[in-house]
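Scroll down for the structure; my scribbles are underneath it.
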Amino acid sequence: MGKGALALLVHGGTENWSPERWKARFDEVCPDRRVLQLPAADFDPAEIHYAAVWKPDPGELAGFPNLRVIFNLGAGVDALMADSSLPKVPLVRVAVSDLTNRMTEYVVLHVLMHHRQELYLRASQRERQWAPKFQWPANAVSVGIMGLGTLGANAADVLKRIGFRVAGWSRSRRQIDGVECFHGRPQLEAFLRRTDILVCLLPLTADTRHILNRDLFAKLNRNGPVGAPVVINAGRGGLQDEADILACLDDGTLGAASLDVFAREPLPPDSPFWTHPKVVLTPHNAADTDADEISKYVARQIERFEAGGALENVVDPARGY
Ligand SMILES: NC(=O)c1ccc[n+]([C@@H]2O[C@H](COP(=O)([O-])OP(=O)(O)OC[C@H]3O[C@@H](n4cnc5c(N)ncnc54)[C@H](OP(=O)(O)O)[C@@H]3O)[C@@H](O)[C@H]2O)c1
């Protein structure tokens, strides 16, 4: 009998998620396996052993009786977790250095942008104002990272090497050299009180939905060198209460926000975030998934799994990430 087929269900809708691009990559890395780009006319659902997916429709994975593993082609699995018909087979998420390094670039770019007063300096340039303000050193600024997983831990390490005072907050206890680590709800407030620039790299789960709200922003350090605290969210839009962010920017509870993710994506044209002077927004591209890298990661995992080895980065359905 031949090797079980791999079904590809990619519904990203953007250039990076062109199904043809993913199909070409998977054909290359799985040369002796049938790769089916779904929907397809001619196939037997029983031949599918693996599915590699991005934003499949709810129920789309339920019809494969011999499915063994689902590979999510990104790091966040919140959309899949919301599908009650998701087959009860291991769900593997992406954790590769390429994606991690891209996210660290985004985080460092935006922390430095706020630390180095870029919003103010660009506005000054537009007005032909030569008006430098005092610039604090990085070691006077406390950056707090919510989520110390694959992405948060790497960003923390690089920010620390730039010289920032870095802390992190996770669900369970973590230890990272030179990073002050907090965990669990009882330690959240202490973590926030010492934070000038807040970076959110949490997964979206029942526990974390709308965690970025007015109550939380009000606990951030108001006496730091950057002035009013800054929030940077590259986790998921569902982590943030968007009305609270706008109100907190307007009343000074927050000084600025960098947002890569939104409750509704694409962000509707009439959203006030587009033109808000204190908002730096990007179209959910903080850390793109690279088809070359990720298809190899999936192929390696399938090979190891079929040789009797363990899968890596398997999602815990009870935790939701
Ligand atoms: N914008 C983009 O382009 C983009 C790209 C990739 C990923 N993402 C987002 O980034 C998220 C994080 O990715 P990752 O690979 O770093 O995930 P990960 O390795 O699973 O890490 C998640 C971190 O969040 C912590 N956490 C989860 N629930 C928590 C809770 N209730 N309270 C406190 N901490 C909690 C975890 O705590 P423990 O350490 O105790 O488990 C862990 O430290 C993804 O889920 C995805 O939504 C966005």
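The values are calculated or read from the model by the stated rules, or taken from the named source; none is laboratory data. Note that the structure is predicted; figures quoted are calculated from it, not measured. Counting neighbours? That spans all protein chains shown, and the Cβs are built from the backbone with ideal geometry, glycine included. Surface accessibility is based on the protein's heavy atoms, side chains included, excluding ligands, DNA and RNA. Shrake-Rupley method; radii C 1.70, N 1.55, O 1.52, S 1.80 Å.
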Inset, instruction - Tell me, yes or no, whether the range 80-90 has at least one residue that is in a loop (DSSP other than H, G, I, E, B) and under 30 Å from Ala155 (Cα atoms). - result: yes
Inset, instruction - Report the residue count in the range 3-23 for those that are open to solvent by less than 60 Å² (accessible area, probe 1.4 Å) and touching a residue at least 24 places away in the same chain (Cβ under 8 Å). - result: 11
Legend entry - Conditions (1) surrounded by 14 or more Cβ atoms within 10 Å (Cβ to Cβ); (2) touching a strand residue (DSSP E or B) at 6+ places or on another chain (Cβ under 9 Å); (3) at pLDDT below 95; (4) of a type outside the set (D, E, K, R): number failed by Ala75: (2)
Inset, instruction - Determine whether the range 149-167 contains at least one residue that is of a type in the set (D, E, K, R), open to solvent by less than 50 Å² (accessible area, probe 1.4 Å) and either part of a helix (DSSP H, G or I) or within 14 Å of the ligand (Cβ to nearest atom) (or both). - result: yes
Legend entry - Which listed residue is away from the ligand (no atom under 16 Å from the Cβ) and in contact (Cβ under 8 Å) with a residue 24 or more places away in the chain, from Phe273, Phe262, Phe305: Phe305
Legend entry - Members of the range 81-113 that are without any contact (Cβ under 8 Å) to a residue 40 or more places away in the chain and either surrounded by 19 or more Cβ atoms within 10 Å (Cβ to Cβ) or β-branched (Val, Ile, Thr) (or both): Leu86, Val89
Inset, instruction - Return the only residue of Pro132, Pro203 being at pLDDT 95 or above, open to solvent by 40 Å² or more (accessible area, probe 1.4 Å), outside any helix (DSSP H, G or I) and within 11 Å of the ligand (Cβ to nearest atom). - result: Pro203
Inset, instruction - Enumerate the strands (runs of 3 or more DSSP E) found wholly within the range 34-74, keeping only those where 1 or more residues are under 22 Å from Glu265 (Cβ atoms). - result: 48-54, 69-72
Inset, instruction - Please identify the pairs in which a residue from the range 218-244 that is on the phi < 0 side of the Ramachandran plot has its Cβ atom under 7 Å from the Cβ atom of a residue that is hydrophobic (A, V, I, L, M, F, W, C) and open to solvent by 40 Å² or more (accessible area, probe 1.4 Å), counting only partners at least 6 apart or on another chain. - result: Pro225/Trp136; Gly237/Ala263; Gly238/Ala263; Glu242/Ala263
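In the range 53-63, how many residues are more than 19 Å from Ala287 (Cα to Cα) and open to solvent by less than 20 Å² (accessible area, probe 1.4 Å)?
Let us first name the residues in the range 53-63 that are more than 19 Å from Ala287 (Cα to Cα), namely 56-63.
From what is left, the residues that are open to solvent by less than 20 Å² (accessible area, probe 1.4 Å) are 61.
The qualifying residues number 1.
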